[in-house]
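Down below is the structure, laid out as structure tokens.
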Amino acid sequence: MAKTVGGISALVAAAAAACLMAAAPSALAAYDFQRDGASSVSFGGQTARLQMADEIYDDMNSPDSTKELLMQKFNDGTGFTSDPSLDESGKNVGGKTASGCLYGENEEAIQRLNAMIEDYADNVVPNWEAEAADGSPGVLSDDARTINVNAKGWEVDQTFQKALIGAFTLDQIANNYLDACKLDSGTKTDDNTNGVTSEGDNYTDMEHAWDEAFGYLYGQEADPTADLSTPSGDGTLLNKYLKKVSEGDVAPGIAKDVYEAFVAGRQAIVDGDYATRDAQAKIIKVDLSKVIGAMVV
């Protein structure tokens, strides 16, 4: 007679465990999805906007920057020099900031970001060589570094870029592309269920919305089809800090959970499994919010 453990036959328990292991989905290794032999993944617009944000950040570390050009780059998406194609992309950062469909446009947040640009150009740049003092912008130095600050002692490039991490990248991921207000809007659900692709493209609108969320996090990875459970941290926005937090003590390994949820959620869309899609979206939203929280711990 087989032994019993807690009233359950050890033999039965072993068989049940084997069945569970067989039923459990294996970790998906890559964000690589195809239709009719061609990739169905596209997020070029997101990559362009991340590159734009990087150049604006560089500009906010230069005394040669002007308010007019910074505003042009942020709001119009033109005037870039790092990659001439950015000007032709039709994209911009300002129009995708604090504007997710879940909560709508946050005009106050947008105005604050524009005010940071003005502060940098009007106050930090003219005092680039001056010594900072209480209530006066200028240069602060110690044994570790030299920085240019505004009248409040803030590095405006840092406050601006950190604000973009939340109001731009996370907002677009969590409050726009991974929310039902975008994923299920219009005929997206019926079209995805029936395999109806976007006109002229190789993806359904729902697949594309999920890909765009992916792009706001991983759009600057050299190979987006590689295993990104350990991201490169490229760029100046959320991917950079996902890597830092995942390698730190507050939320170690969180990047793996985020990446696997992105892959599993996209596969769920392909399978028409919207409950699983939503469960994976929730994991991403919560974990990326933890990344933001870990940055201020």
Exercise for review: Among Lys73, Lys152, Lys162, determine the one that fluctuates most according to a GNM of the chain built with springs between C-alpha atoms less than 10 Å apart.
Suggested key: Lys152
Exercise for review: Taking the dipole about the Cα centre of region 53-130, with the C-beta of Lys and Arg at +1 and of Asp and Glu at -1, give me whichever of Met60, Tyr103, Ile117 is farthest to the positive side.
Suggested key: Tyr103
Practice item. Show that you can apply the helix-only estimate: for the chain, add -39,500 (n - 2.57) for every DSSP H stretch of four or more residues, divide by all residues, and state [θ] at 222 nm to the nearest 500. Key: -13500 deg cm²/dmol
Exercise for review: Find the relative contact order for region 144-279 and round it to a whole percent, using C-alpha pairs within less than 8 Å whose residues are 6+ positions apart.
Suggested key: 19
Check your understanding: How would you order 222-228, 32-38 from highest to lowest mean count of nearby Cβ atoms within 10 Å?
Key -> 222-228, 32-38
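Once you've got the Cα coordinates, tell me which of Lys91/Lys282; Lys73/Lys188; Lys162/Lys182; Lys73/Lys282; Lys91/Lys244 are over 31 Å apart. Walk me through the numbers before you get to the answer.
Values: Lys91/Lys282 28 Å; Lys73/Lys188 33 Å; Lys162/Lys182 25 Å; Lys73/Lys282 33 Å; Lys91/Lys244 28 Å.
Where the Cα-Cα span goes over 31 Å, the pairs concerned are Lys73/Lys188; Lys73/Lys282.
For region 107-178, report the accessible area per residue in Å² (1.4 Å probe, heavy atoms, rounded to an integer). Display every interim value, and only then the final one.
Values: 3460 Å² over 72 residues.
On a per-residue basis, region 107-178 sits at 48 Å².
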**Study point:** Neighbour-limited loop hits for GluC sites (Glu not before Pro), region 155-210 (at most 11 other Cβ within 10 Å; DSSP other than H, G, I, E, B)
**Key:** Glu199
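Beta carbons within 10 angstrom, averaged per residue: use that to sort the peptides 230-238, 139-147, highest first. Display every interim value, and only then the final one.
Numbers: 230-238: 19.8, 139-147: 9.9.
Taking the mean over residues of other Cβ atoms within 10 Å, the ranking is 230-238, 139-147.
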**Study point:** Cα-only Debye scattering, the chain: base-10 log of I(q)/I(0) at q = 0.16 Å⁻¹
**Key:** -1.30
Review point. Under 5 Å between amide H atoms, partner at least 5 residues away or on a different chain: which partners does Phe33 have, H built in plane at 1.01 Å?
Key: Ser40, Val41
Practice item. Starting from the Cα coordinates of region 27-132, work out the convex hull volume and express it per residue in Å³. Key: 182
Review point. What are the DSSP H helices in the chain that stretch 24 Å or more along their long axis, judged by alpha-carbon atoms, and whose average Kyte-Doolittle hydropathy comes to at least -0.5?
Key: 254-271, 274-295
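What length, rounded to one decimal in nm, is gained on full extension from Glu131 through to Gln72, with 0.36 nm per residue of separation minus their alpha-carbon distance? Intermediate values should be presented prior to the final figure.
Numbers: separation 59, 0.36 × 59 = 21.24 nm, distance 2.96 nm.
In short, 18.3 nm is gained.
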Practice item. For a quick protection proxy, order the peptides 167-175, 240-248, 127-135 by their average other-Cβ count within 10 Å, most packed first. Key: 167-175, 240-248, 127-135
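Keeping the other protein chains in place, figure out the carbon and sulfur percent of the accessible area of region 152-297, with a 1.4 Å probe.
On the way: 2900 of 5870 Å².
In region 152-297, the share of accessible area belonging to carbon and sulfur is 49 percent.
The values are calculated or read from the model by the stated rules, or taken from the named source; none is laboratory data. Worth saying up front: this structure is predicted, and the values here are computed from it rather than measured. Cβ: placed from backbone, ideal geometry, glycine included. Neighbour counts: every protein chain shown. Protein only, heavy atoms only, side chains kept; ligands, DNA and RNA dropped before computing areas. Shrake-Rupley method; radii C 1.70, N 1.55, O 1.52, S 1.80 Å.
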